């Protein structure tokens with residue numbers, strides 16, 4: 001009997017319910033649910049014949065392609081833990097991560113083969129078996145294997161995937177997530193964003209990051225169709241939405257900004273979009289309004305982390321009255337705000353955001369110290385600062401580590417950045433604290449102007465003075481050509497400080 005709390009069983013159910021319905025499409029290739037389940041079963045049984053056993057782990061250095069999902073579901077069906085990694089990583093990053101997490105095998109996109117070979121040579125990874133997609137070592141796993149369901153008893157509490165965090169400092173951590181937890185991710189997407197078999201989704205964000213993988217697996221869990229793009233190209237995305245009548249588009253803020261920069265964006269028919277989902281950072285109100293007017297009013301913004309899953313959601317009805325809010329907590333999540341001593345904060349008071357949720361990871365893979373530091377008494381400490389208003393809406397004001405302490409007063413860079421984004425000539429803005437002998441720290445703004453704009457620092461300072469208390473106004477403004485970003489498009493403030501010599 002199928003267990004709805006197992007990721008692999010979802011594919012088996014949909015092969016029965018939607019046998020000839022397209023599950024995945026990439027370019028001219030289309031794979032039905034019946035074909036996908038058959039291919040996954042053959043791969044799973046081939047892995048068993050090759051010596052893979054429940055409880056082992058396998059890494060994936062595979063980009064946005066059908067095979068990534070085939071591997072993910074095959075591993076799920078035999079209880080092998082999947083560890084998706086960033087295909088843009090170089091040998092040092094690959095070697096360091098694989099040495100720490102110690103998987104039994106790695107599945108490789110051909111484009112990643114050379115970097116893995118270098119990592120293998122320099123980090124002593126000879127015990128990790130490589131399977132290169134398209135080569136005999138991979139295809140042989142499927143050619144003569146049975147299409148029957150693999151005979152492995154997988155439990156809902158068994159690990160499904162290790163999700164690598166994309167932090168800006170330190171070594172990335174692996175968030176260990178069970179089948180049941182990941183199914184709750186799928187159910188949460190259905191409850192909060194209406195995701196289901198009626199959808200046609202476009203995957204154009206990296207599937208090896210939590211954001212792209214989460215909604216893609218949820219789509220396949222419920223029987224929707226997913227169209228895969230190998231990478232994000234704003235023009236190709238707009239064309240695909242118009243041509244394929246895309247109903248669900250998953251993005252991060254920088255993707256949205258690039259869509260708005262397409263010169264003839266308003267000429268595309270984007271009326272099919274039922275849900276434009278945005279996660280991975282703050283969308284500033286001016287950008288949000290342009291999205292609403294130009295792309296779609298059906299905007300869902302999620303406040304989430306790889307470690308905790310979705311915590312809050314802002315829905316289309318919230319756009320007019322609460323555009324700066326992160327929304328209300330999702331249906332299964334409890335949030336609270338505390339001070340440095342652990343005391344709960346009153347409404348409107350800023351403190352650290354904590355969450356308790358069935359969407360949260362079970363801890364960090366092979367890193368008990370990090371688990372103990374972040375999870376205490378069942379609560380995950382996000383490291384974000386925020387407050388609740390009188391209607392239960394959450395406002396996120398920034399990261400604890402980014403807060404500027406100037407003259408003993410706490411200054412939140414996100415508030416200042418939001419003001420700067422209202423200036424018509426500002427393309428990007430980042431606010432940081434820099435050391436000062438008198439104030440401890442002072443506020444500095446780093447600005448990327450729009451093309452053709454002639455911005456001056458004193459102009460922006462005056463702009464802020466008209467909208468902010470004096471202690472929040474940047475004391476210095478630096479104009480630059482570009483800001484450093486993480487792979488998810490967030491401004492990397494640690495790298496920015498190094499770039500500026502701070």
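The values are calculated or read from the model by the stated rules, or taken from the named source; none is laboratory data. None of the values given here were measured: they were computed from a predicted structure. Note that we place each Cβ from the backbone using ideal geometry, even for glycine, and neighbour counts take in every protein chain shown.
Please verify whether residue 200 is over 25 Å from residue 27 (Cβ atoms), outside the structural domain of residue 490 (by TED's automatic domain parsing), touching a residue at least 12 places away in the same chain (Cβ under 8 Å) and in contact with a helix residue (DSSP H, G or I) (Cβ under 7 Å, 6 or more places away or on another chain), treating the condition exactly as stated. First the steps, then the outcome.
Details: over 25 Å from residue 27 (Cβ atoms): no; outside the structural domain of residue 490 (by TED's automatic domain parsing): yes; touching a residue at least 12 places away in the same chain (Cβ under 8 Å): yes; in contact with a helix residue (DSSP H, G or I) (Cβ under 7 Å, 6 or more places away or on another chain): yes.
Spelling it out, it is not the case that residue 200 is over 25 Å from residue 27 (Cβ atoms), outside the structural domain of residue 490 (by TED's automatic domain parsing), touching a residue at least 12 places away in the same chain (Cβ under 8 Å) and in contact with a helix residue (DSSP H, G or I) (Cβ under 7 Å, 6 or more places away or on another chain).
Using beta carbons and a limit of 9 Å, which pairs, at least six apart or on different chains, have the first residue in segment 360-385 and free of Cβ contacts under 8 Å to residues at least 40 places away in the same chain and the second one surrounded by 18 or more Cβ atoms within 10 Å (Cβ to Cβ) and in a helix (DSSP H, G or I)?
381/374; 383/374; 385/402; 385/414
Need the failing condition index for residue 446 against (1) modelled with pLDDT under 95; (2) closer than 23 Å to residue 258 by Cβ; (3) surrounded by 14 or more Cβ atoms within 10 Å (Cβ to Cβ), just the number.
Residue 446 satisfies every listed condition except (1).
Any chance segment 332-344 includes a residue that's free of Cβ contacts under 8 Å to residues at least 24 places away in the same chain, closer than 20 Å to residue 186 by Cα and surrounded by 16 or more Cβ atoms within 10 Å (Cβ to Cβ)?
No, segment 332-344 has no match at all.
For the structure I just gave you, tell me whether residue 416 is within 20 Å of residue 324 (Cβ to Cβ) and not assigned by TED's automatic domain parsing to the domain that holds residue 85.
Here the answer is yes, as residue 416 does meet what is asked.
Residue by residue through segment 115-163, note down the ones that are more than 28 Å from residue 12 (Cβ to Cβ), surrounded by 14 or more Cβ atoms within 10 Å (Cβ to Cβ) and out of contact with any helix residue (DSSP H, G or I) (no Cβ under 7 Å at 6 or more places or on another chain).
If the condition is that a residue be more than 28 Å from residue 12 (Cβ to Cβ), surrounded by 14 or more Cβ atoms within 10 Å (Cβ to Cβ) and out of contact with any helix residue (DSSP H, G or I) (no Cβ under 7 Å at 6 or more places or on another chain), then 117, 120 are the ones that fit.
Select from segment 210-221 the residues that are within 9 Å of the chain's Cα centre (by Cα) and closer than 14 Å to residue 278 by Cβ and list them in ascending order.
Matches in segment 210-221: 211, 212, 214.
Specify which of the listed residues (24, 5, 60) is part of a strand (DSSP E or B) and outside the structural domain of residue 158 (by TED's automatic domain parsing). If you could, list the steps in order and put the result at the bottom.
Working: 5 fails: part of a strand (DSSP E or B); 60 fails: outside the structural domain of residue 158 (by TED's automatic domain parsing).
Only one candidate passes the filter, namely 24.
Is one or more of the residues making up segment 65-73 touching a strand residue (DSSP E or B) at 6+ places or on another chain (Cβ under 7 Å), within 15 Å of residue 216 (Cβ to Cβ), in contact (Cβ under 8 Å) with a residue 60 or more places away in the chain and not assigned by TED's automatic domain parsing to the domain that holds residue 99?
No: zero hits.
Condition first: farther than 25 Å from residue 151 by Cβ, surrounded by fewer than 22 Cβ atoms within 10 Å (Cβ to Cβ) and under 22 Å from the mean Cα position of the chain (by Cα). Can you find one or more residues in segment 28-47 that meet it? Give the steps one after another, and end with the answer.
Initial filter on segment 28-47 (farther than 25 Å from residue 151 by Cβ): 28-30.
Of the ones still in play, those that are also surrounded by fewer than 22 Cβ atoms within 10 Å (Cβ to Cβ) are 28-30.
Retained after the next criterion (residues that are under 22 Å from the mean Cα position of the chain (by Cα)): none.
No; the residues of segment 28-47 include none that is farther than 25 Å from residue 151 by Cβ, surrounded by fewer than 22 Cβ atoms within 10 Å (Cβ to Cβ) and under 22 Å from the mean Cα position of the chain (by Cα).
For residue 249, state whether it is in the same structural domain as residue 385 (by TED's automatic domain parsing) and either modelled with pLDDT of 95 or more or touching a helix residue (DSSP H, G or I) at 6+ places or on another chain (Cβ under 9 Å) (or both).
No.
Just to confirm my filter: which strands (runs of 3 or more DSSP E) fall fully inside segment 180-275 and include at least 2 residues that are closer than 24 Å to residue 12 by Cβ?
200-203, 225-228
Let's see how each residue does on (1) outside any loop (DSSP other than H, G, I, E, B); (2) modelled with pLDDT of 95 or more; (3) not assigned by TED's automatic domain parsing to the domain that holds residue 139:
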{"site": "79", "(1), (2), (3)": "no, yes, no"}
{"site": "83", "(1), (2), (3)": "yes, yes, no"}
{"site": "96", "(1), (2), (3)": "yes, no, no"}
{"site": "99", "(1), (2), (3)": "yes, no, no"}
{"site": "103", "(1), (2), (3)": "no, yes, no"}
{"site": "106", "(1), (2), (3)": "yes, yes, no"}
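Just for segment 118-137: of the residues that are assigned to a helix (DSSP H, G or I) and under 24 Å from residue 70 (Cα atoms), which one is modelled with the lowest pLDDT?
137
Matching residues to (1) out of contact with any strand residue (DSSP E or B) (no Cβ under 9 Å at 6 or more places or on another chain); (2) closer than 29 Å to residue 375 by Cβ; (3) at pLDDT below 90:
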| position | (1), (2), (3) |
| --- | --- |
| 143 | yes, no, yes |
| 146 | yes, no, no |
| 151 | yes, no, no |
| 156 | no, yes, no |
| 161 | no, yes, no |
| 165 | no, yes, yes |
| 178 | no, yes, no |
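So, in segment 285-314, of the ones that are part of a loop (DSSP other than H, G, I, E, B) and free of Cβ contacts under 8 Å to residues at least 40 places away in the same chain, which residue ends up surrounded by the fewest Cβ atoms within 10 Å (Cβ to Cβ)?
297
Could you check segment 372-381 and list, in sequence order, the residues that are modelled with pLDDT under 95 and within 20 Å of the chain's Cα centre (by Cα)?
374
Can you name the residue in segment 471-500 that is touching a helix residue (DSSP H, G or I) at 6+ places or on another chain (Cβ under 8 Å) and in a helix (DSSP H, G or I) and, of all such residues, is surrounded by the most Cβ atoms within 10 Å (Cβ to Cβ)?
Once the filter is applied, the top-ranked residue is 493.
Which condition from (1) at pLDDT 95 or above; (2) surrounded by 20 or more Cβ atoms within 10 Å (Cβ to Cβ) is the one that residue 240 breaks?
Condition not satisfied by residue 240: (2).
Please report, ordered by residue number, the strands (runs of 3 or more DSSP E) entirely within segment 398-441 with at least 2 residues that are in contact with a strand residue (DSSP E or B) (Cβ under 6 Å, 6 or more places away or on another chain) and surrounded by 15 or more Cβ atoms within 10 Å (Cβ to Cβ).
404-406, 426-436
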